[in-house]
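Encoded as structure tokens, the structure appears first; notes follow it.
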Amino acid sequence: MNLAQPLLFRADCNLQQLCCILPWIRAIARYYASREVSTVRKLNDWFVGHVSFPVTNYLLNRRGVLASYRQMLQSEYYPEERLQEIQLSKFRDLLCHAGRFCPHYAKKLRQIGAAPEDIRSLEDVRRIPPLSRQELM
């Protein structure tokens, strides 16, 4: 029996062939459920985070990507209040950029009387009207 052929997806496989493959499936399931995989996973995560990812970004001259990656890994464990604070800060930065470099958004912000510095909570964000497709065309 050739194990390279996927018997489970062939229409002409019979019960005997399926019974021959069952021990292989069980062995693979045991392997993935064992601690060996977590060790392999840890090694892979370490290699990607400390070798592969930094080298790739260095060679492609992408600056700041590794710092952002590490910050995202840390922020996974932040409390909800801290995450909201970070999101509002990034939203304010985006509004500042849009107000400075996009005349349409600068005009919209002036119309509603909002400055990026005024955004302090989710309620302040709700004051900003959504854009329609017609406005952008």
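The values are calculated or read from the model by the stated rules, or taken from the named source; none is laboratory data. Source: prediction; values computed, not measured. Note that each Cβ is placed from the backbone with ideal geometry, even for glycine, and that neighbours are counted across all protein chains shown.
List every residue pair whose Cβ atoms sit under 7 Å apart, with the two residues 6 or more apart in sequence or on different chains, where the first one lies in region 80-95 and is under 16 Å from R126 (Cα atoms) and in the same structural domain as E123 (by TED's automatic domain parsing) and the second, anywhere, is surrounded by 11 or more Cβ atoms within 10 Å (Cβ to Cβ) and not aliphatic (A, V, I, L, M).
Partner pairs satisfying both residue conditions: R92/P116; L95/P116.
Specify the residue that is nearest to L73 (Cα to Cα); the eligible residues are those in region 83-130 that are part of a helix (DSSP H, G or I) and among the small types (G, A, S).
Across region 83-130, the extreme among qualifying residues is S89.
Taking the condition at pLDDT below 80, of a type outside the set (D, E, K, R) and part of a helix (DSSP H, G or I), does A27 pass?
When the stated conditions are applied, A27 passes them.
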